[in-house]
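The structure under discussion is supplied below as structure tokens; questions concerning it will follow.
Computed from the coordinates by the stated procedures, all read-outs in this text should not be read as laboratory data. Because the structure is a prediction, the values reported are computed rather than measured. Please note: Cβ atoms are built from the backbone with ideal geometry, for glycine as well, and neighbour counts cover all protein chains shown.
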Amino acid sequence: MKTQYQIRNIVLGIAGLLCMGCQSQPERQELYVSSVVFPDTVSLEEKCRMAAHVIPSERQLAWQKMEFTCFICYGINTFTDKEWGTGKEDPQLFHPTELDARQWVRTAKEAGMKMILLTCKHHDGFCLWPSKYTDFSVASSPWKGGKGDLVREVSDACREAGLKFAVYLSPWDMNHPAYGTDAYNDYFVHQLEELLTQYGPIAEVWFDGACGEGPNGKKQVYDFERYYQTIRRLQPEAVIAVMGPDVRWVGTESGYGRDTEWSVIPASQKNLERIAASSQQERGTGTFVPDGDAMEKDLGSREKLQQAQGVIWYPSEVDVSIRPGWYYHASQDTLVKTPQKLIDIYYSSIGKNSLLLLNLPPDKRGLIHENDVQALQEMQRILRETFQHNLLTVSTSQKEKDLLTDSDLKTYWKPTTKEAVLSFAFAEEQEFDRLVVQENITEGQRVENFRLEYRQDGKWQLASEGTTIGYKRILRFPKVKAKEVRLVIQQSRDVPQIAEAGLYLASEEEAITR
Ligand code: FUL
């Protein structure tokens, strides 16, 4: 197995031209799209170097760049006031009176979210579109006289507003009589086919990890490989999340990601075999079925690499609800997360190399409740104020400033060694308490330890420090005032490529300092 590399040798001649900090000689580098299997005898240093050259697939990169996305949990549970249904509900219960998908999309868009993921079918099996393959759907409900199609309304509203659309289809189905038999896998694939062919481009397909019993008391063996093939065939640009090969569940529903978050993590022997077998058509991602413990604190450290026989690009998604529950409950109207809490979550997810998938559950009317809208608007207003002015744009370090503040991952600062110092000077003292930094992940994730220092009384002082950076890392620290600052890369798996950086002074309304 270990002889089959998914290596793409790429001559990065142009890299030297793109970046003023780079070595000027064209450099030959190996990049491994999505995964690499380590050779039999290889040192830890070499494993680290190889892991630092694993890069995301195009679909994973496009997904990561969205940063902030919206989850909509809506369905029969909304009307029964439950979190999980039974599959025995009367479809007549589904009866929104003022449903407005455009209000959902507007709310998400104004908050800066780039995609909406809709629970097209939850564990109860009730479908929000009129599926040909079951009556347990909106077609049997009084909503729009049984003529409604919520998947259509949400996907149309997304397209109109320029947001991406994504589908959550629960493999667990408490309603379908075939659940627990092979015939259910056919049913599930048929439903996927409906969703993936009738509603335009799909950016993400989300498979929940929950797997319980169906109506006949049996559990289902899901044919994930067949599901993945169906998605790749019909929507090749869609990432497959959670119980899928492209996007990893962060391991908690709290909204708080890891301080050290590697997008490159070891793959099990079984998955390495699958990857090796599927490398031709799928660059290694076609049949990777998640099987590790997503909740472990450490997933990708050097210690983990030491044990590993191969690694995969498998970035983290943080899913969390704006309320205690995933579904709307009137009793939780006063328990909507505050703007400050949402901002804390923002820093702890997007600010820690994860994508944030924030759930906004519409109510029985079919609207996102006023309290939720208000909390979200406030969150966005405060964050906008914090990040309106990148102080590095007024630094006198012209070369670095141009590379690091152009919002382009592919122009980056690259030193000649793994440990390096990036300095900035200001004409006058500046006050700041937030650092944003991004690696050029199009050539891999590399940084293992870094510090932000500022000069005071002729001495360098620590402002803050972190471990991984990855796509994006934001550090919060008590306000400092200085004319000189420097980013010190203390440890890296290969020569780092710092694509973007920013120093900011937080809005006082964040009311959080660390
Ligand atoms: C969980 C489910 O069981 C919840 O109901 C919800 O859908 C959440 C996003 O994932 O596994």
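Let me spell out the model: positive unit charges on the Cβ of Lys and Arg, negative unit charges on the Cβ of Asp and Glu, origin at the Cα centre of the stretch 273-418. What dipole size does that give, in debye rounded to 20? Numbers along the way, then the final one.
Details: 18 positive and 20 negative charges, 71 e Å.
For this selection, approximately 340 debye.
Along the charge dipole of the stretch 388-513, which of TYR471, PHE450, ALA425 sits closest to the positive end, that is, farthest toward it, with unit charges on the beta carbon of Lys, Arg, Asp and Glu (+1, +1, -1, -1)?
PHE450
How would you classify the stretch 437-479 from its alpha-carbon gyration tensor, with a ≥ b ≥ c the square roots of the eigenvalues: rounded for a/c under 1.5, else prolate if a/b is greater than b/c, otherwise oblate? Before the final figure, lay out the partial values.
Values: a/c = 3.16, a/b = 2.33, b/c = 1.36.
Prolate, because a/c is 1.5 or more and a/b exceeds b/c.
If you wrap a convex hull around the C-alpha atoms of the stretch 198-340 and split its volume per residue, what is the figure in Å³?
173
Cut-off is 10 Å between beta-carbons; in what order do ARG49, ARG381, ARG258 appear when sorted fewest neighbours first?
ARG381, ARG49, ARG258
Can you tell me the Rg and Dmax of the stretch 409-514, counting just the alpha carbons, in angstroms?
13.7, 41
Okay, moving on. Let me spell out the model: positive unit charges on the Cβ of Lys and Arg, negative unit charges on the Cβ of Asp and Glu, origin at the Cα centre of the stretch 162-307. What dipole size does that give, in debye rounded to 20?
280
Now a separate question. State the Kirkwood hydrodynamic radius of the stretch 28-79 in Å, one decimal place, computed from all pairs of distinct Cα atoms.
Radius from the Kirkwood sum: 14.4 Å.
Please state the shape class of the stretch 461-514: rounded when a/c is under 1.5, otherwise prolate if a/b exceeds b/c and oblate if not, all from the C-alpha gyration tensor.
Note, shape of the stretch 461-514 comes out prolate.
Based on the Cβ-Cβ distance of ASP259 and ASP81, what FRET efficiency does E = 1/(1 + (r/R0)^6) give at R0 = 45 Å, to the nearest 0.05?
On the way: r = 37 Å, r/R0 = 0.82.
Using R0 = 45 Å, I get an efficiency of 0.75.
Please work out the Cα center distance from the stretch 87-148 to the stretch 174-218, rounded to the nearest Å.
Result: 16 Å between the Cα centres.
Could you tell me which of ASN371, LEU360, SER407 has its Cα farthest along the dipole of the stretch 315-432 towards the positive end, charges placed at Cβ (Lys, Arg +1; Asp, Glu -1), taken about the Cα centre?
The one lying farthest along the dipole's positive direction is LEU360.
Hey, another quick one. Between GLN456 and LEU234, what is the label-point separation in nm under the 7 Å Cα-to-beta-carbon projection?
5.9
On to the next question. Mind jotting down a quarter of the surface of the convex hull over the alpha carbons of the stretch 222-268, in square nanometres, one decimal?
Details: hull surface 18.4 nm².
That works out to 4.6 nm², a quarter of the Cα hull's surface.
Same structure, new question: Testing the spin-label approximation: label points 7 Å from Cα along Cα→Cβ at TYR133 and LEU31. State their distance in nm.
The two pseudo-label positions are separated by 3.7 nm.
Related question: How large is the helix-only mean residue ellipticity at 222 nm for the chain, computed as the sum of -39500 (n - 2.57) over DSSP H runs with n ≥ 4, divided by its residue count, in deg cm²/dmol to the nearest 500?
-7500 deg cm²/dmol
Taking the beta-carbon count within 10 Å as an exposure proxy, list PHE387, PHE71, PHE207 from fewest neighbours to most.
Fewest-to-most ranking of PHE387, PHE71, PHE207: PHE387, PHE207, PHE71.
Turning to a different aspect of this structure: Provide the three semi-axes, in whole Å and in decreasing order, of the ellipsoid equivalent to the stretch 370-421 as defined by the square roots of 5 times the Cα gyration tensor eigenvalues.
34, 13, 9
Moving on to the next point. Beyond 38 Å, what percent of the Cα pairs of the chain remain?
Distances greater than 38 Å cover 30 percent of the Cα pairs.
Right, something else. What is the distance, in nm, between label points placed 7 Å from the Cα along the Cα-to-Cβ direction at ASN216 and at GLU370?
Computed distance between label sites ASN216 and GLU370 equals 5.0 nm.
Right, something else. Can you put HIS190, HIS123 in order, fewest other beta carbons within 10 Å first? Numbers along the way, then the final one.
Details: HIS190 15, HIS123 24.
Fewest-to-most Cβ neighbours within 10 Å comes out as HIS190, HIS123.
Picking from ALA183, ALA241, ILE265, whose Cα lies most toward the positive end of the charge dipole for the chain (charges on Cβ: Lys, Arg +1; Asp, Glu -1)?
Projecting each Cα onto the dipole axis, the largest value belongs to ILE265.
Something else: If you wrap the stretch 94-244's Cα atoms in a convex hull and average its projection over all directions, what's the area in nm²?
8.7
Determine the shape class of the stretch 318-407: with a ≥ b ≥ c the square roots of the Cα gyration tensor eigenvalues, call it rounded for a/c under 1.5, and otherwise prolate if a/b is greater than b/c, oblate otherwise.
prolate
Still on this structure, please answer the following. Between GLN398 and ASP90, what's the calculated FRET efficiency when r is the beta-carbon distance and R0 is 45 Å? Round to 0.05.
0.10
State the percent of C-alpha pairs, over all pairs in the stretch 25-135, separated by a distance greater than 25 angstrom. Numbers along the way, then the final one.
Working: 3224 of 6105 pairs.
Here the long-distance tail beyond 25 Å is 53 percent of all Cα pairs in the stretch 25-135.
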